[in-house]
Amino acid sequence: MVADTDILIVGAGLAGAATAYHLVRRTRARILVVEQETVPGAHSSGRNAAIVRERVDDPVLQTLMTEGAGHLRNGRLAEFERRGLMLLGLGDEDVRSHFPRARGVGLWCPNDGTVDVARLLHTYLAGVRIRFDTKVTGWTTQDRDLHVNTSRGGIMCRLLVNAAGPWAGGLGDLPLTPMNRHLFATTPIDWVSPHWPCVWDIAGGLYFRPEAGGLLLCCCDELPAEPGDYREDPAMVERLAEKVASLQPDLGEFSISSTWVGQRVFGSDWRFVIGFDPRNERVFHVAGLGGHGVTASYAVGRLAAELIISGDTEGPAPFMPSRLL
Ligand SMILES: Cc1cc2nc3c(=O)[nH]c(=O)nc-3n(C[C@H](O)[C@H](O)[C@H](O)COP(=O)(O)OP(=O)(O)OC[C@H]3O[C@@H](n4cnc5c(N)ncnc54)[C@H](O)[C@@H]3O)c2cc1C
């Protein structure tokens, strides 16, 4: 029997889309993305803060963050606003010179900013074959191929790429945990300029940036949850108010106009999972992008595509799924 496709990517979020983007440019293999929803980016990739933040604590992740941020900054993939980012607690520059009414000293990262994530997904997926409204429910091995069961019938493929975001742990039998995080948008605030930077208090767990004439704020909550369970926790508004009052009192009072919840997905060491499954060489994982999947997406997709094309099952070790099993 001839397979329906060579590489089947499960998930049209940033992980699956960026992997498809690099694969179509590097191989003539047939690629098909299947997505359970009717649009791309309906889950984590459409529920984030869109901040491109290069600097992280982990030197292993840092290489992919630097590469990813570099490609987003040139603006060719999607509109990038170089608004700057202040990381409070890491340096000694005064925030107020960049964001009046914000308090503290930190590291000024002038080249960071925000990116149009919907446009980024669109760029990654341009020219890629996608089947929406198609949910993968499992697979069986048949000779050299996989028979993949979906809500719309079977698909034969040579390799399945698990880029299922919050569902990646269950789908790929990996120990990955989705963690809910709330984002809050305020009503317009007359003293906020739309071009001011992002401010991120690393130790205090609070970040904010201009959004739609007001502010977008996050109190950096991390609540384990089932995939796709976006129930709001009313206690988070209180927690946000407390953090603003203690860490950034000069922001004053504001009204919340909308709240939404997204899921960041982590393995036990908080590093990405990019590599072949040690239990089945026909399965490859691109998952556990945590809170960095926007910034790192280009680099994550590049690495995944290179490993898939070379068939390299050994490395790089810090990202391999085997470390979690
Ligand atoms: C509140 C919040 C704020 C964030 N802020 C930032 C930020 O400012 N900067 C940054 O760099 N990162 C940020 N992130 C992280 C970033 O959003 C994620 O790392 C990234 O979106 C993960 O992409 P993904 O493709 O792995 O997951 P997803 O976007 O969830 O994509 C997975 C896709 O797989 C599909 N799928 C799942 N199971 C199946 C199945 N069985 N069959 C078919 N399809 C399936 C889903 O429908 C979904 O579309 C934030 C995350 C959150 C939650």
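Every read-out reported here was derived from the displayed coordinates using simple, explicitly stated rules and does not represent laboratory data. Just so it is clear, the structure is predicted and the values come from calculations on it, not from any experiment. No Cβ is skipped: glycine too gets one built from the backbone with ideal geometry, and neighbour counts run over all protein chains shown.
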- Task: Could you give me the percent of Cα pairs per 20 Å distance bin for the chain, shortest bin first, beginning at zero and ending with the bin that holds the maximum distance?
- Result: 33, 54, 13, 0
- Query: For the range 282-325, what is the Kirkwood estimate of the hydrodynamic radius, computed as the reciprocal of the mean inverse distance between distinct Cα atoms, to one decimal in Å?
  - Reply: 11.2
- Task: Determine the relative contact order of the chain: mean sequence separation of Cα pairs under 8 Å and six or more apart, normalised by residue count, in whole percent.
- Result: 23
- Message: Defining a contact as two alpha carbons under 8 Å apart and six or more residues distant in sequence, what relative contact order in percent does the range 231-325 show?
- Response: 27
- Message: So if the hydrodynamic radius of the range 238-296 is defined as the Kirkwood radius over C-alpha pairs, what does Stokes-Einstein give as its diffusion coefficient at 37 °C and 0.692 mPa s, in µm² per second?
- Response: 218
- Once exposed loop trypsin sites (Lys or Arg not before Pro) are cut out (DSSP; at most 13 other Cβ, 10 Å), longest piece of the chain: 153-230
- P(r) of the range 164-236 in 5 Å steps, Cα pairs, percent per bin? 3, 15, 18, 17, 16, 14, 10, 5, 2, 1
- Query: For 123, 186, what's the fewest-to-most ordering of other Cβ within 10 Å of each Cβ?
  - Reply: 123, 186
- Let me know the longest stretch in the chain that avoids all GluC sites (Glu not before Pro) found in a DSSP loop with at most 13 other C-beta atoms within 10 Å. 80-221
- FRET efficiency for residue 149 and residue 256, using Cβ-Cβ distance with R0 set to 56 Å, rounded to 0.05: 0.85
- Task: Could you give the C-alpha radius of gyration of the range 29-188 expressed as a fraction of 2.2 N^0.38 Å, taking N as the number of residues it contains?
- Result: 1.32
- Task: Grab the beta carbon distance between residue 76 and residue 29, set R0 = 35 Å, and tell me the FRET efficiency rounded to 0.05.
- Result: 0.90
- With +1 on each Lys and Arg Cβ and -1 on each Asp and Glu Cβ, how big is the dipole of the chain about its Cα centre, in debye rounded to the nearest 20? 920
- Work out Dmax and Rg for the range 24-86 from the C-alpha atoms and quote the Rg first, both in angstrom. 15.1, 43
- Note on the structure: The FRET efficiency for residue 212 and residue 132, from their Cβ-Cβ distance with R0 = 25 Å and rounded to 0.05, is 0.30
